[in-house]
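Participant: Here it is, the structure in full.
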Amino acid sequence: MEDATSSNPQSLGFTDKLKSWLSWSWTYICAVWFAMVLTMIYVLRSPLKLQDTLTSASVFLNTLTPKFYVALTGTSSLISGLILIFEWWYFRKYGTSFIEQVSVSHLRPLLGGVESSTTTGLFSSVNGEAEPRPSVSECKVWRNPLNLFRGAEYSRYTWVTGKEPLTYYDMNLSAQDHQTFFTGDTQQIKAEDTVMQKAWRERNPQARIRAAYQAIEMNHELYTHSGKSQINFLIQCAAAYVLLAEEEATTITEAERLFKQALRSGKREQRVQDPVTSLRPLTLNINLLVYIKRRLAMCARKLGRIKEAVKMMRDLMKEFPLLGMLNIHENLLEALLELQAYADVQAVLAKYDDISLPKSATICYTSALLKARAVSEKFSPEAASRRGLSTAEMNAVEAIHRAVEFNPHVPKYLLEMKSLILPPEHILKRGDSEAVAYAFFHLQHWKRAEGALNLLHCTWEGTFRIIPYPLEKGHLFYPYPGCTETADRELLPTFHEVSVYPKKELPFFILFTAGLCSFTAMLAMLTHQFPELMGVFVKAFFSTLFTPLGFFADKMESFMPSSFWHQLTRI
């Protein structure tokens, strides 16, 4: 019997419609029932002697002393205050109101509703039980894969606006990166070996540029002589050209020329054979070579040679597959989106969008963009509310919720609720700095997909109703780190207002109990201080409150003949 019922979709559809109709009409049935009860009370007021009861009750209330009212209001204030404390504690621990949760869990089944199922997310076990979540790691700063050029882009912004787009903390991190990857680490440090090491640490850009030229001159003088330190100086020469391309070049074309010169220096270094030192700088050569080729690909992308840039990035990823931590695939995704090669973008996402790999806003939001692009052109919030979401629309909404949970700050920039600034050289994943870096390069791709921003606007705020509270619980990803705001303030310039994680609104019952506690406490104090005045006020209040009821009773008496009421009461 159960199988026959489940196999008949028409019977299921009729049952669902009947349940929805009963749930919808329950409110009106309650209203009609309440009106009938009031009518019956009014009709039976004489047999029940309600008038005499009200008279005796008013006499009893008039005989009460002001101390009774002080005690009554004070007790009410104390009870509501205790309820407020309990509600606040329950909200801080579980993120919801206790009264609201109990009301919904008990009243919703009576009203025909269905309890919402708890989604365990990606950290649930096979049998459905939630597994213990890994501990939250400290906020780690990452190199921005799409960082701009200091001389050709950041410096031009400073010339025009007079503002510094980079903070000292951000530039200091870049200096540490350059010292780690680009300079030699010899056991016997000579004066010549420290030229570029000092250059990266210089705070003044002109001092860094002078040190780079000094390293090039020293390399030129020693290139005609053979010696053990020749390899090191050739490394310094390539690193010097990198510094000049980053900071002295005022155009992308000039930066590309200097990077090509650095690449030739690196290749020339590889031809030098030194059995003593050839093994040690090999890792440094790879780091420097990858950095130069990547920046050359970025120059080609900025100069409009996008297909050439894509080829260079693919070759780089194929040649050095173990350097995934450099996130070259994010450069490739942005270039492929510019070519509108969405099938290739999906192929890259299929390789890198895995739960075992560290996520990024580029991966999550690009995946959401592809799914939103498939349905956004014909998407209408009004039509979706009437007919419900289709499977493709549901997938797009879930992808947006997933992306917003990973980084909730990105939609503010994509929807232009906040103004964009130049991205920093380092970003904090899931932070405002990552949101700025992503939106700076990908806003045009969202605008190109018709209706994608509209779908994002309609759905992104619903994410915060899904994520459990407090934030330590998380939903699909690790819990949102609480240290992101502090780190973002160090990475982003002072003139930028840092975006913070949206705060969860207080439940209605917390606000209601707080207002009730304050109101009853105020009544207790006023009744204690001004008993006579408060008595006059209470009488005036109740007389005003019962005036509409008296008016309604007079109208009922005039509308219905008195004989009708007598006959009805006899029945």
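Participant: Please give the solvent-accessible surface of LEU349 in Å², to the nearest 10, using a probe radius of 1.4 Å with every protein chain present.
Facilitator: It works out to around 10 Å².
Participant: Then there is this: Summing +1 for each Lys or Arg and -1 for each Asp or Glu, what net charge is found among the other residues whose Cβ lies under 12 Å from the Cβ of SER499?
Facilitator: Once all neighbours under 12 Å are counted, the net charge is -1.
Participant: For SER174, what charge total do you get from the other residues with a beta carbon under 13 Å from its beta carbon, if Lys and Arg give +1 and Asp and Glu give -1?
Facilitator: Residues near SER174 contribute -1 overall.
Participant: Decide, for segment 297-386, between rounded, prolate and oblate: order the square roots of the alpha carbon gyration tensor eigenvalues as a ≥ b ≥ c, take rounded if a/c falls under 1.5, and otherwise choose prolate if a/b is larger than b/c, else oblate.
Facilitator: oblate
Participant: Residue by residue, what Karplus-based ³J(HN,Hα) values in Hz, rounded to whole numbers, does segment 297-303 have, using 6.51, -1.76 and 1.60 with θ = phi - 60° and x for Gly and Pro?
Facilitator: Running phi through 6.51 cos²θ - 1.76 cosθ + 1.60 with θ = phi - 60° gives 5, 5, 5, 4, 5, 6, 8 Hz.
Participant: In sequence order, what are the phi-derived ³J(HN,Hα) couplings for segment 432-448 according to the Karplus relation 6.51 cos²θ - 1.76 cosθ + 1.60 with θ = phi - 60°, rounded to whole Hz, with x for glycine and proline?
Facilitator: So the Karplus estimates, Gly and Pro as x, are 5, 5, 5, 5, 4, 5, 5, 5, 4, 9, 10, 4, 5, 6, 5, 5, 5 Hz.
Participant: A follow-up question, please. Considering only protein heavy atoms, what per residue accessible area in square angstrom results for segment 387-441 with a 1.4 angstrom probe?
Facilitator: On the way: 1600 Å² over 55 residues.
Dividing the accessible area of segment 387-441 by its residue count gives 29 Å².
Participant: Right, another one. Relative to the present Cα-Cα distance, how much length would full extension add between ALA392 and GLU450 at 0.36 nm per residue of separation?
Facilitator: Here the answer is 19.3 nm.
Participant: Per 0.36 nm of contour for each residue apart, how much would the distance between LEU526 and ALA341 grow if the chain were fully extended, relative to their Cα-Cα spacing? Spell out each step's value before the answer.
Facilitator: Values: separation 185, 0.36 × 185 = 66.60 nm, distance 7.33 nm.
In short, 59.3 nm is gained.
Participant: Next question. With θ set to phi - 60° and the Karplus curve 6.51 cos²θ - 1.76 cosθ + 1.60, what are the ³J(HN,Hα) couplings of segment 516-521 in order, to the nearest whole Hz, using x for Gly and Pro?
Facilitator: Values, residue by residue: 5, 4, 5, 5, 5, 5 Hz.
Participant: If you rank VAL290, VAL70 by how much accessible surface each has, with a 1.4 Å probe, what is the order from largest down?
Facilitator: Numbers: VAL290 0, VAL70 35 Å².
Correct descending sequence by accessible area is VAL70, VAL290.
Participant: If you don't mind, another one. If one computes P(r) from the Cα atoms of segment 308-459, what percent of pairs lie at distances over 22 Å?
Facilitator: 40 percent
Participant: List, in the order given, every pair from LYS318/LYS378; LYS163/LYS351; LYS140/LYS302 whose Cα-Cα distance in the structure shown is over 31 Å.
Facilitator: LYS318/LYS378; LYS163/LYS351, as the Cα separations exceed 31 Å there.
Participant: Another question, if that's okay. How much length, in nm to one decimal, is gained on full extension between TRP33 and ASP353, taken as 0.36 nm per residue of separation minus their Cα-Cα distance? Intermediate values should be presented prior to the final figure.
Facilitator: Values: separation 320, 0.36 × 320 = 115.20 nm, distance 5.67 nm.
Working it through step by step, the gained length comes to 109.5 nm.
Participant: Right, another one. Could you pull the accessible area for THR253 with a 1.4 Å probe, rounded to 10 Å²?
Facilitator: That residue has around 90 Å² of solvent-accessible surface.
Participant: Take the Cα pairs of segment 371-509, get the Kirkwood Rh, then feed it into Stokes-Einstein at 25 °C and 0.890 mPa s and tell me D in µm²/s.
Facilitator: Reported coefficient: 152 µm²/s.
The values are calculated or read from the model by the stated rules, or taken from the named source; none is laboratory data. Small disclaimer: the values here were computed from a predicted structure and weren't measured. Backbone-built Cβ (ideal geometry, glycine too); neighbour counts: all protein chains shown. Keep in mind that these areas ignore ligands, DNA and RNA; they rest on the heavy atoms of the full protein, side chains included. Shrake-Rupley method; radii C 1.70, N 1.55, O 1.52, S 1.80 Å.
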